[in-house]
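One structure is given below, encoded as structure tokens.
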Amino acid sequence: MSGSTLILPTFAKVNWNLRVLGKRPDGYHELDTILQTISLHDTIALTATESPEIVLSCDDRTLPTGADNLIYRAAEALQVRFAPGKGAHIRLEKRIPAQAGLGGGSADAAVTLLGLTFLWGTSAKVRELLEIANSLGADVPFFFFGGTARGVGIGKDLAPLRDTPDQFLLVLKPNASMSTGVAYESLKARSLTSAEAKTILSSSAHGEISDCFDSKVLQNDFEQVVFELEPEIKRAKIALMKAGAEVALLAGSGSAVFGIFDSGDAQERAIQAIELEAGWRVFPCRTVGRNAYRSALGAAGEILGR
């Protein structure tokens with residue numbers, strides 16, 4: 001479909017629950033997590049081209065547009081394996097904050113794989129696309145499906161859960177940033193090597209989680225270490241609670257936090273009441289269920305039926 005353009009949303013995620021169970025022999029950490037897509041999203045415009053070049057541009061000039069970007073790597077991996085000679089111009093409009101624990105880069109990569117599979121007319125099956133997704137990062141496979149899901153292992157082993165009732169959220173991004181690598185390294189150092197520190201990993205264990213997860217019962221094992229490293233992130237969580245959140249939690253490995261509100265009115269009142277420090281950004285959003293997620297992907301989402 002050379003010359004055709006597909007414009008797609010790439011939704012962020014939060015983790016209702018993120019337990020770190022221990023260190024694996026392969027060096028990764030064993031996780032047990034509940035993921036949820038939310039309406040905060042980037043937008044990707046994909047245009048198939050006659051020439052084989054992959055050209056990525058972005059409205060955020062701080063982001064790389066070459067091989068250091070997951071979108072570029074996703075497109076290149078799909079091209080090499082299934083579409084030699086095909087090319088694309090890709091334009092990213094960035095709204096999901098980077099290094100925030102919201103999965104923005106992973107979502108962008110997953111939707112790029114689906115969108116280009118459709119535009120390039122490849123015969124790739126979902127399992128083959130998931131192989132590429134797994135090679136790009138632990139969160140990427142989740143964004144093929146969205147909704148509510150449980151991830152175990154290093155987070156790639158996914159099982160869909162019944163979607164939670166619609167939730168009204170505020171995502172708050174303070175000035176602090178937290179890379180995933182630093183968060184994991186700090187978790188290891190503080191939890192495994194300090195004799196006096198309260199051991200996070202020993203307090204986490206695989207639990208029985210039903211097919212309908214209660215999003216009011218939230219836990220994130222990264223909170224202790226992230227709040228110690230960046231107290232501003234803890235202040236952001238406190239600001240959400242003061243503004244009326246029923247519960248608030250660190251998003252993924254940080255640095256964003258999110259709060260749940262009992263209604264749209266409560267969410268709106270919180271936006272007015274929240275005590276923002278200079279440079280903090282607040283994003284009102286809602287949960288996105290699996291059917292709504294797939295519908296938003298349009299024709300690209302139909303590939304998931306292969």
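None of the figures in this text is laboratory data; all of them are computed from the coordinates on show. Nothing here was measured: the structure is a model prediction, and the numbers come from that model. Counting neighbours? That spans all protein chains shown, and the Cβs are built from the backbone with ideal geometry, glycine included.
Run the numbers for Arg81 and Arg306: contour at 0.36 nm per residue of separation, minus the present Cα-Cα distance, in nm.
Fully extending the segment from Arg81 to Arg306 adds 79.3 nm.
Tell me, in nm to one decimal, what length is gained between Ser4 and Glu128 on full extension, where the rule is 0.36 nm per residue of separation less the Cα-Cα distance?
42.2 nm
Mind jotting down the three principal axis lengths of region 5-162 based on Cα atoms? Whole angstrom, largest first.
For region 5-162, the Cα spread along each principal axis is 48, 31, 30 Å.
How far is it, in nm, from the label point at Gln272 to the one at Ala299 when both lie 7 Å from their Cα along the line to the Cβ?
Output for this residue pair reads 4.5 nm.
When the distances between all Cα atoms of the chain are binned every 10 Å from zero, what whole-number percent does each bin get?
6, 28, 34, 23, 8, 1, 0
By how many degrees, 0 to 90 and rounded to 10, does the Cα axis of helix 126-136 deviate from the longest principal axis of the chain?
In the chain, helix 126-136 runs at an angle near 60 degrees to the longest axis.
Apply 1/(1 + (r/R0)^6) to the Cβ-Cβ distance of Met241 and Thr180, taking R0 = 25 Å, and write down the FRET efficiency to the nearest 0.05.
About 0.50, to the nearest 0.05.
Give me the distance in nm between label points sitting 7 Å out from Cα along the Cα-to-Cβ direction at Thr49 and Asp262, one decimal.
5.4
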